[in-house]
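The structure is given below, and queries will be raised subsequently.
Only the coordinates and a few stated rules stand behind these numbers; no lab work does. Every value quoted in this text rests on a predicted model; they were computed, and no experiment measured them. Cβ atoms come from the backbone with ideal geometry, glycine included; neighbour counts cover every protein chain shown.
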Amino acid sequence: MTTDAAISTLHAHGSVRTTVQIWGSTFTSRSFDTLREALLFLGDKGGDEPPPSIEIHADDGSVSISGPELQALITQAKAVRSAS
């Protein structure tokens with residue numbers, strides 16, 4: 001995912017009411033109300049392991065994001081928070 005695509009995804013869906021579910025080996029499973037909250041949580045957790053898959057459930061369907069695409073979204077969410 002390019003930076004532009006990450007920015008576009010966050011702009012369109014970052015604050016939209018959704019349920020985001022995360023499972024990780026270094027923390028208990030968690031649910032978040034927005035994509036942005038979930039991404040910032042993952043960015044703050046950091047750690048040596050790569051970010052887990054996240055499941056996003058919204059009115060228009062569900063999607064799973066992982067790997068480089070998820071990392072690009074985390075990086076962009078942190079950049080937006082720093083700029084605020």
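Can you tell me how many residues in segment 64-84 are under 11 Å from the mean Cα position of the chain (by Cα) and touching a residue at least 60 places away in the same chain (Cβ under 8 Å)?
The number of residues fulfilling the criteria is 6.
Here's another thing I want to ask about it. For segment 39-84, what are the residues that are touching a helix residue (DSSP H, G or I) at 6+ places or on another chain (Cβ under 9 Å) and under 10 Å from residue 20 (Cα atoms)?
39, 54, 56, 58
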